[in-house]
Structures are given as C-alpha cells and as structure tokens.
C-alpha cells in the first residue's frame, strides 16, 4: 500500500502503521510522541528493525509477540 501510494519517506512509512494498529502511530504528524503511552495495553510485535519505518518498508523478522503483557511467541532478550 505504501509503495503504490508513493509513501517512501520515513515519516510517511511510519504513519502507515495506523492501518494495522487501530489508528495508533508512534509519532503524530508534528513528530511528537503519540503512542505507546503508560497504561496502554501491552500488545506488541517485536521485529528486527531500527525504526517503525524500516519495519513497514522491509519484511522484518518477527522476534517475539507480547499479548496483554505475556509472551505468546518467541522471546525478547
């Protein structure tokens, strides 16, 4: 989707995360922290990437999955 839409810069790629996170993105449009926040439910997929844009742009290896604060796949060490 990002490729077809011409979203190739880091900010645009990071913003595509809202399509798979229920509307959440790490930074809002002005580049300030938006998510995650203290108290948010701990559902996380850890991938081998240096930033959210890289995770979107490449098929990053999934390292672990956390659901409601518990590892359900892999591990994070």
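The values are calculated or read from the model by the stated rules, or taken from the named source; none is laboratory data. Note that the coordinates shown come from a computational prediction; the quantities given were computed from them, not determined experimentally. Reconstructed Cβ throughout: ideal geometry from the backbone, glycine too, with neighbour counts over all protein chains shown.
Taking residues in region 15-28 that are touching a residue at least 40 places away in the same chain (Cβ under 8 Å) and on the phi < 0 side of the Ramachandran plot, and partners anywhere that are surrounded by 13 or more Cβ atoms within 10 Å (Cβ to Cβ) and assigned to a loop (DSSP other than H, G, I, E, B), the pairs with Cβ atoms closer than 8 Å and at least 6 places apart or on different chains are 16/7. Before we move on, is residue 4 surrounded by 15 or more Cβ atoms within 10 Å (Cβ to Cβ) and modelled with pLDDT of 85 or more? So residue 4 does not fit the description; no. Hey, can you tell me all the residues within region 56-72 that are under 24 Å from residue 11 (Cα atoms) and surrounded by fewer than 15 Cβ atoms within 10 Å (Cβ to Cβ)? Within region 56-72, 58, 59, 61, 62 meet the criteria. For first residues located in region 40-52 and under 15 Å from residue 27 (Cα atoms), partners that are outside any helix (DSSP H, G or I) and lie 6+ apart or on another chain with Cβ distances below 7 Å form the pairs 52/26. Residues in region 46-60 that are touching a strand residue (DSSP E or B) at 6+ places or on another chain (Cβ under 8 Å) and modelled with pLDDT under 90: 55, 60. Filtered by the rule that a residue be surrounded by 13 or more Cβ atoms within 10 Å (Cβ to Cβ), touching a helix residue (DSSP H, G or I) at 6+ places or on another chain (Cβ under 8 Å) and in a loop (DSSP other than H, G, I, E, B), region 8-55 gives 24, 25, 26, 49.
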